[in-house]
Structure formats: C-alpha cells, structure tokens
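The values are calculated or read from the model by the stated rules, or taken from the named source; none is laboratory data. As the structure is a computational prediction, the values presented were derived from the model and not from experiment. Every residue, glycine among them, receives a Cβ derived from its backbone with ideal geometry; neighbour counts consider all protein chains shown. Calculation scope for accessible area: heavy atoms of the full protein, side chains included, ligands and nucleic acids excluded. Shrake-Rupley method; radii C 1.70, N 1.55, O 1.52, S 1.80 Å.
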Amino acid sequence: MTELTVRKTEAAFTRPDVDLTTQLGSVTFPNPVFTASGCAAAGQELDQFFDVSQLGGIVTKSIMLAPRSGRATPRMAETPSGMLNSIGLQGPGIDAFLDKDLAWLAQRGARAVVSIAGGSVEDYAKLAAKLRGAKGLAMIEVNISCPNVEDRGQVFACDPGASAAVVQAVKRSAPTGVPVFAKLSPDVTDITEIAKACVDAGADGLSLINTLLGLVIDTDTMRPALGGITGGLSGPAIRPVAVRAVWQVRQALPDIPILGMGGIRTGLDALEFVLAGANAVSVGTTVFGDPRAPIRVLDELAVALAERGFSSVAEAVGLAHRPPEIRLPEGPDPVGDTLGDPAHDDEEQL
Amino acid sequence: MPVQVQGEVLSIRRVGAYFAMTVVAPGMAELTRPGHFVAVQVGGPESSMLLRRAFAIYDVKERGVYGGTVEFIFSVHGKGTAWLARRRPQDKLDLVGPLGKPFRLPAERVTATLVGGGYGSAPLLPLASLLRERGCRVDFVLGAGDQHRLFGQLDAKRIATSIEVTTDDGSSGRRGRVSDVLPELLDRTQSDVVYACGPMAMLRAVTEICSSRGIPCQVAVEESMACGIGVCMTCVLPVIGDDGKTRMLRSCVEGPVFLGDRVRWSDVGTIPEDVVGSITAQAGH
Ligand SMILES: Cc1cc2nc3c(=O)[nH]c(=O)nc-3n(C[C@H](O)[C@H](O)[C@H](O)COP(=O)(O)OP(=O)(O)OC[C@H]3O[C@@H](n4cnc5c(N)ncnc54)[C@H](O)[C@@H]3O)c2cc1C
Ligand SMILES: Cc1cc2nc3c(=O)[nH]c(=O)nc-3n(C[C@H](O)[C@H](O)[C@H](O)COP(=O)(O)O)c2cc1C
Ligand code: FES
C-alpha cells in the first residue's frame, strides 16, 4: 500500500514507502490500523472526518441478537489519561445492524470487523450464523467480556472453559474463510491461560485488550459517578497493561495473530504494540478527542517504521522479543539510521 | 457536516461570571446554525484530559479581517474549562464543529418566546436575530442564580419586543425562576412557539408549562458527552419517537435540540422499562 490517504484539506503528506500489509488469519489487510469496538460506532460518523475505507478495518460496536438500550446515565467519567465507561452495549440488534450498518460499510468499500456479544454460548452461535453471506465482512471479533446469564453472570473472558465454549460455538457457525478473533479481558490472573484456551478452541487470532474494571466516586454527590456504578477503564492510562498483555501472549503463542489495543494515541504507541507482538492495532478512546486519530496513527506509524529502516510492518512484529545480543547499529542517532535494510540509503530517508 | 479545525484564539474576555471566547476557525462559521455546538480539545496535545468539552455556539462571523470566527460563552466548571479560561490571543485551539441538530425554524411568521437559563441564553440570541429577520415577534425570559450569571441581557433587549428577567437571589429582575413568569408571559403574548436552553430542571419546567397550554417547545439539552460526534453512546436520554416508542437517543447527533414533550424528563438518568431494548424487555431471552 503506497497510495496517499491525505484529505483534500490537508497539506500534502506522502506516506513513506513501507509495506503496511498485515496478515490476520486467512485475510490480508492493506494496513495494520483499525478502529476499536465501541469507539467508532459503524464507521459512518468518522467518515465525515476521513475516508474510513483507508484504514485496515473498521471494528464495529459489539452487536447483540436483540436491540438493547444499555445502562443508565451518566455513562462516562474522565480519569487521568483515560476514561471510565459504562455503556452497556446499547445497539440496534443484529438484524438492523446487518441491514443498515454493515451494508453501509460494504458499499463504502471498508473492511468490516464485526464484533459480537451475547449472554450465552447459544447467543454467540446464532450471531455468527447470521453473519454467513454478509457482504463487507472481513473478520469477526468475539467480545467475551460479557456476563454469562447461564452462569450467575460470570464473565466468559474470566474463565478458560467458558471462553473456549464461546469460541468453539462461533467457529462452528461462522462463515468459512472469515477469521474469528477472541477479544480478551485483562482482568484475569493469567491472560495466557485464556489465550491458549481460545486458540485451542479454534480462534484464528486474539484481540488484546478490553477495558479494565474501574470505579470513580464523585466527591460532590459522594456516590459512584457512573449510573452503572463500575465501568471499563480505557485510554493511555492502560497502555502499559495492554502492551504487557500483548507481550505475554506473543511469548506464549509465537504464531497466533494479535490485534493489539489500549491507549494508542500516536504512531509510536502503535509501534510499541507491534514490537511487543501485535500484527495490527486498534485505536479506541483517542478517537473521542481526535476523530482523525486512526488515519493519523497510520501515517505516523509508517513514518516511525521508515525512520527505523523497516521496509514492512511485518518485520517489526514482535521484534522487542529478540535476544539481547542483537543490537541496534552503533551511532549517535539510531533514529533515521538503517536497520539491516539495504534497499534504503541515506538520501532516500525522509 | 462538521469540520475539525486547528483554530487560534482571537479574543477572550470576561462577561459577568462567564468568559466569552472567540476563535478563528476557518470553514466553521458558514455551516453553523443557532443551536449547534462546538467541541473543544483542552489541555494541549499531551493533555491527560482526553475528552473534548462541548459549548453552544453563540456568535459566528463568516469573514472578518482574520477569517471566519466562532464565539462561545463558558463558565469555569472543572479542570478543562479552567484551562480554557487561561488561553490568550494567538493560542492554538482544536475545534470540531458545528455539531448536533440546530433549532428548527418556523415556516410562518409566528410569535416566539425564548427562555434562557444562565449561559443557556447564548445560542438563543442568534436564534432571536434569525427569527426577527423572518418577521417573527420575539419575547425573552432570562433567568440565572444571580445577576452575574445572566448572559445577553442587553442584546436580548435590543432584539426582542419584551424581556423578563429573574434571578434566584433577586439581584436583578424578579426574584424567582423563569417558570414563575413564563405562564403569564405566554398568555399575554399569545406565543405560538417556545425555544429554551438551560439547566435540565428548567427545561423540564418549561416543557410542562408549554404542554399544558399546547404550545410546541424546542429545548437544547446538556448531557455529559465523551465524543460529541455520535460514536460512543454516552450522551443518551429517553426520547419518544414518532411511532410512540421510547428510545435512548444520542443528544450529540439526534440533539441537543429536542421537542420538549418528547423527552421523558422524569426518566432521564434511568432506562425506562418500556424503552426499546430495555434489559427488562429482554428478560425472556
Ligand atoms: C451540548 C452542550 C452544550 C454546552 N454548552 C455550554 C456553554 O455554552 N457554556 C458552558 O459553560 N458550558 C456548556 N456546556 C457544559 C460544558 O461542556 C461543561 O461545563 C464542560 O465540559 C466542563 O468541563 P470541565 O473540564 O471544566 O469539567 P470536568 O467536570 O472536569 O469535566 C470532566 C468531564 O465531564 C464532562 N462534563 C462535565 N460537566 C459537563 C456538562 N455539564 N455537560 C457536558 N459534559 C460535562 C466534560 O466534558 C469532561 O469530559 C455544554 C454541554 C453540552 C453537552
Ligand atoms: C465508550 C467505549 C465503548 C466500548 N465498547 C466496546 C464494545 O462494545 N465491545 C468491545 O469489545 N470493546 C468495547 N470497548 C473497548 C475498546 O474496544 C478497547 O478494547 C479499549 O477501550 C482499549 O482501547 P483504547 O484505550 O484505545 O480505547 C469500548 C471502549 C469504550 C471507551
Ligand atoms: S457523545 Fe458520544 S455519542 Fe454522543
């Protein structure tokens, strides 16, 4: 992918010549920057700010079988470098979603990663079946950070058995050739245990991470700030937790595709995830403050890769895990230097 | 369609308890209608405050010596607005706007009453000018906690046929609330429509007064917003649709202006049981 994605109104920016394609399961995406579920709706609103078909993919808000009104307001509280949200999966239900939202994404030429959420294994299976033959569908992300109504509200993602059961059910009824990613919660003792259970159950890849459970108390009302009492923490505040999760899972499962996320604000943040082992990244909360963030992060990531001498994003995936004896070239200014890429000479840089 | 603009502060001045900030924001003025709002990034690019702050647009100028400008009126509430109050001319400010659905204008020459609470009068002043241009009669009711929190009294006097002022402490106009003077004013002026912007409790009271008289009213609500552009679902409130069903609508894109009698005021902050997709309604699944 070397074409420009600058908007008419922007000063000309030529994205450096880096191969940004990334392989997630059986699908090759043109670049590794995606939106995050619940932070981009189904792409239409963001399309007012940039062409959403220029992203690797649009991860849509988790959709359930029936329409859902979500939780009581207030639904958000800003926190230092982050926010707490308690939306409660408000959405139109899968049928309206397919008719309107997915249809729009398909017509727009965007690659849709449809996130599904349910209250039982059967819900997930039904949702996956509904996606058979859906136009524009590139991938399925299974949001397993949901309470299992059949197990006293125990969250699927906190139990390897329940996680595996959901993944297996989705794989059985999902359309063939569409990768299924399980999205994991960081609120577990050992995330690699859940990751392995999902992969053993047939997951084609993993999305890491969902929000962390948090609570804010309003000192004026002296009550919890959110209508739902607890909420999910997101934004740069959680980035080190997310990078750690990607690192651990990459170490435990060297070959599994990973979609990394949690507090990505810049191209360098995205690069951190890639170096920790992510094959692609999602930009979530940052969009609320900067609607153009995903495309900006993509441009910045391309520059950051080129500056470090990479000719493709794939070369950088998991590089932070390399043994200590491999060192960066000596010199006063490692940035802008070449890193084992004879195709680049100094004149070509920047 | 909103635009994202890297603007520049042209001026910031104190107006009573508020600040009036004018920002050079090319391309935004021509798209703006009364009732639209703007979302402002606060704290600079490295800020730990990730979310934009929403402000009703007060005045716009399509062209000036400096290019198009947008003005909004704000009170210092917390960290973000305190930061804004410290901006000075030529400081950079990232704006997204105009956002939301503006006030709908009547097709005919009607008599309109505009009710503003605190800084809520800001979007009503350009609306009043527009209504006057269309040959409508405009009457104002402005209310606030005290005289320093009244905004736009002079402008309103200039534009409107009549103006009534109330303050909670009686420091200006009549002691009391806008809802104390509104019924009599509506009866006297034979108002056809009402427009209101201000605190939620005031909007509810205004709606009740209008409903009991069969007068349509449009209200601009203020709900906590994370994105302002319709992608996050934080800013919802229960609103009755044309089909009689209640849905949790996003006030940033489906509002902030709603028909007052469509908002289920007593259920704001809750999920009513009969709302489309309520958890209770799904209990059978
Ligand atoms: C459509 C709309 C129009 C508005 N117009 C005006 C205006 O013209 N003048 C004015 O002074 N204020 C207006 N407000 C309120 C203004 O957005 C808040 O006062 C401001 O966001 C507070 O930010 P803070 O950092 O000072 O407060 P903090 O309490 O530190 O803010 C924390 C977070 O809560 C949100 N928040 C807090 N209070 C409010 C609130 N009342 N409404 C929405 N979000 C809130 C902030 O956006 C931020 O994300 C409007 C709000 C909305 C939704
Ligand atoms: C308002 C909001 C809504 C979200 N909704 C969903 C959702 O529906 N499904 C899901 O899997 N994750 C959801 N998430 C989690 C994000 O997709 C993401 O995993 C998390 O926020 C971390 O990334 P970030 O820091 O870049 O936002 C939501 C996050 C936010 C802030
Ligand atoms: S504030 Fe995000 S949807 Fe309205």
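About its Cα centre, the dipole of chain B is roughly 640 debye, where the only charges are +1 on Lys and Arg Cβ and -1 on Asp and Glu Cβ. Using θ = phi - 60° in the Karplus curve 6.51 cos²θ - 1.76 cosθ + 1.60, the 3J(HN,Hα) couplings for the stretch B:134-139 round to 8, x, 7, 8, 10, 10 Hz; x is entered for Gly and Pro.
Rounded to whole Å, the principal axis extents of the Cα atoms in the stretch B:111-222 read 34, 30, 28, largest first.
Dividing the helix sum by the residues of chain A, where each DSSP H run of 4 or more adds -39500 (n - 2.57), gives a mean residue ellipticity at 222 nm of -7000 deg cm²/dmol.
Here the spin labels are modelled as points 7 Å beyond Cα on the Cα-Cβ line, and at B:Q6 and B:R132 they lie 3.9 nm apart. In chain B, helices alone account for a calculated mean residue ellipticity at 222 nm of -5000 deg cm²/dmol, with every DSSP H run of four or more residues adding -39,500 (n - 2.57).
A straight line joining the Cα centroids of the stretch A:68-85 and the stretch B:191-246 runs 21 Å. Buried between B and A is an accessible area of approximately 3000 Å², summed over both sides with a 1.4 Å probe. Of all stretches in chain B that contain no trypsin sites (Lys or Arg not before Pro) in a DSSP loop with at most 14 other Cβ atoms within 10 Å, the longest one is B:135-244.
Taking every C-alpha pair closer than 8 Å and separated by at least 6 residues, the mean separation divided by the residue count of the stretch A:210-332 gives a relative contact order of 21 percent. The residues of the stretch B:1-26 listed by number as losing at least 20 Å² of accessible area in the complex, against the isolated chain and with a 1.4 Å probe, are B:M1, B:P2, B:Q4. For the protein assembly as shown, the solvent-accessible area of protein heavy atoms averages 41 Å² per residue (probe radius 1.4 Å; ligands and nucleic acids excluded). With a 1.4 Å probe and all protein chains left in place, how much of the accessible area of chain A comes from carbon and sulfur atoms, in whole percent? Its accessible area is 52 percent carbon and sulfur atoms.
Taken one residue at a time, the phi angles of the stretch A:14-27 give Karplus couplings (6.51, -1.76, 1.60, θ = phi - 60°) of 9, 5, x, 7, 10, 6, 9, 4, 9, 9, 10, x, 8, 10 Hz. Gly and Pro are set to x.
Here the contact order of chain B, divided by its residue count and restricted to Cα pairs under 8 Å and six or more residues apart, works out to 16 percent.
Candidates B:A56, A:S53, B:L127 compared by Cα position along the dipole of the protein assembly as shown: farthest toward the positive end lies B:L127, with charges placed on Cβ.
In the structure shown, the pairs A:K100/A:K196; A:K61/B:K245; A:K61/B:K92; A:K130/B:K101; A:K61/A:K126 are assessed against 25 Å; a Cα-Cα span above that value is assigned to A:K100/A:K196; A:K61/B:K92; A:K130/B:K101. Could you tell me how many degrees, from 0 to 90 and to the nearest 10, lie between the Cα long axis of helix A:293-307 and the main elongation axis, the longest principal axis, of the Cα atoms of chain A? For helix A:293-307, the angle is close to 30 degrees.
The angle between the Cα long axis of helix A:160-173 and the longest principal axis of the Cα atoms of chain A comes to about 80 degrees, rounded to the nearest 10. Per-residue 3J(HN,Hα) values for the stretch A:36-53, derived from phi via the Karplus relation 6.51 cos²θ - 1.76 cosθ + 1.60 with θ = phi - 60°, read 10, 4, x, 10, 8, 6, 10, x, 4, 5, 5, 5, 6, 9, 7, 6, 5, 6 Hz in sequence order (x marks Gly and Pro). Summarising the amide proton neighbourhood of A:G202: residues at separation of 5 or more, or on other chains, whose placed amide H is nearer than 5 Å comprise an empty set. A Förster radius of 60 Å, combined with the Cβ-Cβ distance separating B:S266 from A:E325, puts the computed FRET efficiency at roughly 0.30.
Summing Lys and Arg as +1 and Asp and Glu as -1 over all other residues whose Cβ lies under 13 Å from the Cβ of B:G68 gives a net charge of -3.
Summarising the amide proton neighbourhood of B:F103: residues at separation of 5 or more, or on other chains, whose placed amide H is nearer than 5 Å comprise B:G35, B:H36. Other residues lying with their Cβ under 14 Å from the Cβ of A:E78 contribute a combined charge of +3, Lys and Arg counting +1, Asp and Glu -1.
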